[in-house]
Amino acid sequence: MTQELTLIRPDDWHLHLRDGAVLHGVLPETARHFARAIIMPNLVPPVVTGADAAAYRDRILAALPEGAAFTPLMTLYLTEATDPADVAAAQASGLVKAVKLYPAGATTNSHGGVHDTDKVMPVLEKMAEIGLPLCVHGEVTTPEVDIFDREAVFIDTVLDPLRRRLPGLRVVMEHITTEQGVAYARAGGPDLGATITTHHLILNRNHILVGGIKPHYYCLPVAKRERHRLALREAATSGEARFFLGTDSAPHVDALKEQACGCAGCFTATNTLPLLAHVFEQDGALDRLEAFTSRNGPAFYRLPVNEAHLRLVKHQTPQAWPEKIFTEAGPVTVFNPGFPVFWHVES
Ligand code: DOR
Ligand code: ZN
């Protein structure tokens with residue numbers, strides 16, 4: 001017996017598309033299934049000003065396959081030199097939907113990020129005034145703090161003080177990975193949201209390390225203990241409005257992943273929706289998948305839900321997807337969950 005599921009066309013509230021050859025290679029993977037995505041600004045050099053974001057948006061639109069109906073929602077990379085007036089103008093024109101806070105050194109191309117929150121307070125105050133969300137990479141970078149504790153320490157020492165100092169600021173806790181992240185998101189009001197990735201619903205830290213190191217399972221924030229993964233599953237499948245999908249699909253060519261110092265990122269754009277159907281079905285929550293992929297995100301970002309739909313079908317036999325996406329910069333390995341998946345996107 002085949003099973004079917006029709007969803008409002010999903011959006012991805014946290015996506016890396018890169019630029020140039022990789023952008024051209026990976027963009028069709030997202031545009032095939034998603035109507036919109038919040039586009040991360042951590043290019044080299046980063047997308048800092050409204051003018052940078054407009055130029056990047058135009059490069060994305062130019063790279064779209066013929067006939068694709070996909071809208072990139074642009075973000076700005078917050079630096080200690082960001083001009084509040086430029087941010088406000090970029091929002092007023094409809095171009096920019098969020099500003100991204102990377103603690104300096106936290107992840108890929110974050111060295112131009114924020115060292116000292118005091119220095120960005122004028123920008124954050126302007127954002128609170130105009131209702132522009134701050135997307136936060138929530139990890140401290142202090143060398144003494146263990147990498148598995150960096151999210152929980154960030155919440156206590158940076159995020160909570162910031163939200164108390166500026167209660168009107170709308171914040172998205174990006175790619176939460178811990179039970180502390182889930183609990184903190186739940187304790188916030190309607191101005192606090194949290195994205196959850198597909199891979200963090202599937203991986204715990206054993207998957208990365210047991211039986212040999214798996215570079216394609218390495219991402220940041222790094223996957224944590226099993227009890228944290230279970231907390232994320234419970235949150236994502238709860239249907240609660242504060243939790244929504246941000247895949248953090250982060251392509252790096254294989255040569256940069258499979259080496260002595262491999263880049264962080266899981267590339268999930270190709271198979272995220274079948275994987276999520278699998279996960280939600282396992283947890284008896286297929287009826288709440290649409291809230292996670294298609295309703296809660298637009299509600300937080302104060303955007304309409306999409307009009308188009310997408311159909312998922314569960315087959316009798318495991319469904320295949322490409323092992324790699326071939327770009328002119330090299331192959332990008334698609335996330336392999338390590339178990340058979342019977343769901344497939346049909347239209
Ligand atoms: O795994 C990750 N990859 N985490 C991030 O925060 C950044 C991303 C990237 O840009 O590669
Ligand atoms: Zn990311």
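The values are calculated or read from the model by the stated rules, or taken from the named source; none is laboratory data. All values derive from a computational prediction rather than experimental measurement. When we count neighbours, we look across all protein chains shown, and the Cβ atoms used for this are built from the backbone with ideal geometry, even at glycine. Note: areas computed on protein heavy atoms with side chains; ligands, DNA, RNA excluded. Shrake-Rupley method; radii C 1.70, N 1.55, O 1.52, S 1.80 Å.
With a 1.4 Å probe and all protein chains left in place, how much of the accessible area of the stretch 153-192 comes from carbon and sulfur atoms, in whole percent?
56
Once ligands and nucleic acids are excluded and a 1.4 Å probe is used, how much of Cys263 is accessible, expressed in Å² to the nearest 10?
Only protein atoms counted, so the area is about 40 Å².
Could you work out Rg/(2.2 N^0.38 Å) for the stretch 100-167, with Rg from alpha carbons only?
After normalising by residue count via 2.2 N^0.38 Å, the value is 1.11.
How much length, in nm to one decimal, is gained on full extension between His315 and Gln259, taken as 0.36 nm per residue of separation minus their Cα-Cα distance?
That works out to 16.5 nm of additional length.
Mind pulling the angle between the C-alpha long axis of helix 50-63 and the longest principal axis of the chain? Nearest 10 degrees, somewhere in 0 to 90.
Result, in degrees: 20.
How much of the pair distance distribution for the stretch 1-102 lies past 18 Å, counting alpha-carbon pairs only, in percent?
Considering the stretch 1-102, 48 percent of its Cα-Cα pairs are separated by more than 18 Å.
Calculated FRET efficiency, Ala183 and Leu209, Cβ-Cβ r, R0 35 Å, to nearest 0.05?
For R0 = 35 Å, the calculated efficiency reads 0.85.
Please work out the C-alpha center-to-center distance from the stretch 149-181 to the stretch 284-347 and express it in whole Å.
Between the Cα centre of the stretch 149-181 and that of the stretch 284-347, the gap is 28 Å.
Please list 3J(HN,Hα) in residue order for the stretch 124-130, calculated via the Karplus relation 6.51 cos²θ - 1.76 cosθ + 1.60 where θ = phi - 60°; whole Hz, with x for glycine and proline.
3J(HN,Hα) across the stretch 124-130, in whole Hz: 5, 5, 4, 5, 4, 5, 9.
List the residues, sorted by chain then number, that are 5 or more residues from Arg170 or on another chain and whose placed amide H is less than 5 Å from its amide H.
Excluding prolines and chain starts, which carry no amide H, the hits are Leu134.
Name the lysines eligible as straight-distance cross-link partners of Lys97: C-alpha to C-alpha under 29 Å, and not fewer than 8 places from it in the same chain.
Lys119, Lys126
With an 8 Å cut-off on Cα pairs and a minimum separation of 6 or more residues, tell me the relative contact order of the chain in percent.
That works out to 20 percent.
If you average over every viewing direction, what projected area does the convex hull of the Cα atoms of the chain give, in nm²?
Directional mean of the projected Cα hull area for the chain stands at 16.3 nm².
When all protein chains stay in place, what accessible area (Å², nearest 10, 1.4 Å probe) is found for His115?
150
Which GluC sites (Glu not before Pro) in the stretch 138-213 pass both tests, a DSSP loop state and at most 16 other beta-carbon atoms within 10 Å?
Qualifying residues, ordered by number: Glu144.
Collect residues whose amide H, placed 1.01 Å from N in the peptide plane, falls under 5 Å from the amide H of Arg225; neighbours closer than 5 in sequence don't count.
Arg205
Against the longest principal axis of the chain, how steep is helix 272-282, in degrees 0 to 90 to the nearest 10, with axes from Cα atoms?
70
Working from Cα positions, state the angle (0 to 90°, nearest 10) between the long axis of helix 20-31 and the longest principal axis of the chain.
60
Return the loop-located GluC sites (Glu not before Pro) in the stretch 269-347 (DSSP other than H, G, I, E, B) with at most 10 other Cβ atoms within 10 Å of their own Cβ; answer none if there are none.
Glu307, Glu323, Glu328
I'd like the accessible area for Asp146, computed on protein heavy atoms only with a 1.4 Å probe and all protein chains in place. Round to 10 Å², please.
Accessible surface of Asp146 is approximately 80 Å².
Give the long-range amide H neighbours of Val96: residues separated by 5 or more places, or on another chain, with amide H under 5 Å away, using H modelled in the peptide plane at 1.01 Å from N.
Gln91
Provide the per residue accessible area, probe 1.4 Å, for the stretch 4-345, rounded to a whole number of square angstrom.
That works out to 39 Å² for each residue.
Largest first and in whole Å, give the semi-axes of the stretch 232-333's equivalent ellipsoid, each being the square root of 5 times a Cα gyration tensor eigenvalue.
Largest first, the stretch 232-333 gives 28, 18, 14 Å.
After finding the eigenvalues of the alpha carbon gyration tensor for the stretch 196-235, what semi-axes result from the square roots of 5 times each, listed largest first in whole Å?
18, 10, 7
Rounded to whole Å and ordered largest first, report the semi-axes of the equivalent ellipsoid of the stretch 15-169 derived from its Cα gyration tensor (root of 5λ).
For the stretch 15-169, the semi-axes come out at 28, 19, 13 Å.
Give the residues of the stretch 32-50 whose amide nitrogen is closer than 15 Å to a point set 7 Å from the Cα of Ser93 in the direction of its Cβ.
The answer is 47-50.
Just round it to a whole percent: the fraction of Cα-Cα distances in the stretch 274-347 exceeding 15 Å.
Cα-Cα pairs in the stretch 274-347 separated by more than 15 Å: 66 percent.
Which value, in Å³ per residue, describes the convex hull spanned by the Cα atoms of the stretch 169-292?
Measuring per residue, one finds 109 Å³ for the Cα hull of the stretch 169-292.
Name all residues of the stretch 18-39 having a backbone nitrogen under 20 Å from the label point set 7 Å from the Cα of Lys324 along its Cα→Cβ direction, giving them as ranges.
18-30
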